[in-house]
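Have a look at the structure below, then the notes.
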Amino acid sequence: MAQDMDTDHLDIGGIKAHNVAEIVARGATCVAMVTEIVGSDHIEDKIAEIQKVIKNHPAAFR
């Protein structure tokens, strides 16, 4: 679907570290991960984990 659109899109809701790569692969140019981050006991570690997943994905935001 996203590949057929000419606009960027933002994905929110249910996005977690374990599925953010799939969201990026499907064409998201931005994601919102509030609960995943602020609900973590170790926020800085959670952010680093998410950044690593996104940066290592071939379709990462560029």
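When residue 17 is tested against (1) surrounded by 13 or more Cβ atoms within 10 Å (Cβ to Cβ); (2) assigned to a helix (DSSP H, G or I); (3) of a type outside the set (Asp, Glu), exactly one condition is not met: (2). Applying a threshold of 8 Å to beta carbon distances and a minimum spacing of six or more residues, or different chains, the list of pairs starting in the range 11-35 at a residue that is in contact (Cβ under 8 Å) with a residue 24 or more places away in the chain and more than 17 Å from residue 56 (Cβ to Cβ) and ending at one that is loosely packed, with under 15 Cβ neighbours inside 10 Å and acidic (Asp, Glu) reads 29/8; 30/8. Of all residues in the range 40-49, exactly one satisfies the criterion of being surrounded by 10 or more Cβ atoms within 10 Å (Cβ to Cβ) and either in contact with a Lys or Arg (Cβ under 9 Å, 6 or more places away or on another chain) or not in a helix (DSSP H, G or I) (or both), namely 40.
Each reported figure results from applying straightforward, stated rules to the coordinates on display, with no laboratory input. Being a predicted model, the structure only gives us computed values, none of them experimental. Cβ atoms come from the backbone with ideal geometry, glycine included; neighbour counts cover every protein chain shown.
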